[in-house]
Amino acid sequence: MHVSLRAKIGAEGAKHIARPRLSLNMKENIAIVGSGFLGMTLAMRLADAGANVTLFESAPEIGGLASVWEINDIIWDKHYHVVLASDRNTRNVFEEIGLADEFRWVETKTGFYTDGELLSMSNTMEFLTFKPLDIISKLRLGATIFYASKVKDWRRLEKLDVEKWLTRWSGKKTFEKMWKPLLKAKLGDAYKQTAASFIWATIQRMYSARNSGMKKEMFGYIRGGYGRVLERFGETLVEKGVEIRLNARVKEIKNLENGKIRVSMADARRHKDTKPQVVTQRTKYAQFQAAAAVAPGFSGAFLSEPQLTKESVVDFPRAKANEVFDKVILTCPSNVAAKMMPQLTNAEKQDLNAIQYQGIVCASVMLRCSLSNYYVTNITDETPFTGVIEMSAIVDKREFNGNALVYLPRYIAPDDELFDKTDDEIQEIYLRGLERMYPHFRRADVVAFKISKVRQVFPVPVVNYSQGLSDMKTSVDGVYVVNSSHIVNGTLNINETVGLAERFFADYNAGRV
């Protein structure tokens, strides 16, 4: 069953940045499916424009891929996230919800693990002395990066195969030694179908960070991580009148004869409560009243659900299984959206189901001591994970009670067998990999080890990707599909996601979609 969050906030919030208040043609009732940063940003913009907004989230917390969890009694990000100085979309939203003064900026270092050795590549001198490449290969690699940073026509690069393009500019030796392992780390074997615009977008973002005014590779984070961001974002949405429904999995969306759109909910299992109650979520920074009055048989919380056991979970009849809206915006993966809408044309369903996604198995490891002083360690050797992200190289260790926090991601296809392995099996595989990479690593230093598995993280940017992309406005009148597949000239990150929301809202408000 869904949990409705419409509550009076008692937590103290910072001042908002003033924005012009827009107005829609009428007081529309709008449903948004999915509470990632895309859905939340759209909800905020539409609410400011005068709409009645209901946000449906199938999970017990908001945030989507940016959601948080508890590791060793610390609430922190489930997946690794940082803010670049050039990420204006993200920074603007964080400032708007009152977190402008919570940023911390740190100069970062980058490592490479290649030929069994951990090397630094954090500045020009280290690049010039990088042993795995000869001087000609370095010059060609540098020229490739510089050239890509100057290219403006990404559509031309989208027509080109990334392997052929990189080999042409960097040479076969450099491609095999450097580019190919890095492409496989993010895309797996799907790199063979990927367009050159993918590497262009990656280079553009990193160059923008260096040219943002700081002239250094500066990464930032919000004190308290995304737990703090989501807490404040959720409070802001409720203050603006947005109704947030957690544990609300949408089953079907249909256009009715009267022009309204029916949103039907899937059956769910809820925690057994004996009477209505107020459920309070306490966090490190504030207190949030999650529900003013939770109906009998329901339970909920803002950032997390109470722990459920087999004995405490029962089925309940749905009080409001169907509701109607004027407009519906789906931010979920394309194939999931296709299943929800039986009225789509066959061609639309085909296009939505054709989007090829890449998944991730990511471990969060809390350690008593650091592995290195690099935020990112790129890996060109064969290892069970495709990179090492040491969050504590950026975040003050006091946030983690003096410990180090490391992420070990592996990007794989949704049907990869790694998804079927148990957490214990994955932990053993990853720990063996750490032992091979870091001679000083000891398992006794592991304080906590948690694994996140997500089968659909980002669409693979294949050659001519944008040409086969469905319109955001579907053939079902009043229904839109807006998701990460519509990020056609960038890589998936929160800044691009927020930018997509801003662009769609501008078009929607102007009547262009």
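Value of Rg to Rh for the stretch 383-513, rounded to two decimals, is 1.09; Kirkwood radius and Rg both from alpha-carbon coordinates. Model label points for N489 and R104, set 7 angstrom from Cα along the Cα-to-Cβ axis, are 3.6 nm apart. Local charge sum around F419 (other residues, Cβ-Cβ under 10 Å, Lys/Arg +1, Asp/Glu -1)? Taking every other residue near F419 into account, the sum is -1. Would you mind classifying the stretch 129-210 by shape? Square roots of the alpha carbon gyration tensor eigenvalues, ordered a ≥ b ≥ c; an a/c under 1.5 is rounded, otherwise it is prolate if a/b is larger than b/c and oblate if not. Because a/c hits 1.5 or more and a/b fails to exceed b/c, the stretch 129-210 counts as oblate. Each label was represented as a point 7 Å from its Cα along the Cα-to-Cβ direction; for Y438 and D189 these points are 3.2 nm apart.
From the square roots a ≥ b ≥ c of the eigenvalues of the alpha-carbon gyration tensor of the stretch 410-479, which class results: rounded (a/c under 1.5), prolate (a/b over b/c), or oblate? Because a/c hits 1.5 or more and a/b exceeds b/c, the stretch 410-479 counts as prolate. How about K260: which aspartates and glutamates have a C-alpha closer than 12 Å to its C-alpha, ignoring those fewer than 8 places off in the same chain? Counting by Cα, and skipping residues close in sequence, K260 has these aspartates and glutamates nearby: E28, E323, D326, D477.
With one equal scatterer per alpha carbon and no solvent term, the Debye-computed log10 I(q)/I(0) for the stretch 357-459 at 0.11, 0.20, 0.22 1/Å reads -0.32, -1.04, -1.22. Annotation for the stretch 61-76 versus the stretch 436-513: alpha-carbon center distance of 18 Å. Given K78/K172; K251/K397; K152/K240; K150/K173, which pairs have Cα atoms separated by over 32 Å? Over 32 Å apart, Cα to Cα: K78/K172; K251/K397; K152/K240. Loop-resident GluC sites (Glu not before Pro) (DSSP state other than H, G, I, E or B) in the stretch 329-411 with no more than 16 further Cβ atoms inside 10 Å of their Cβ: E382.
The numbers here are math on the coordinates, done by the rules we state, and not lab data. All of these numbers come straight from a predicted model, not from anything done at the bench. Methodologically, a virtual Cβ is constructed for each residue, glycine included, from the backbone with ideal geometry; neighbour enumeration extends over all protein chains shown.
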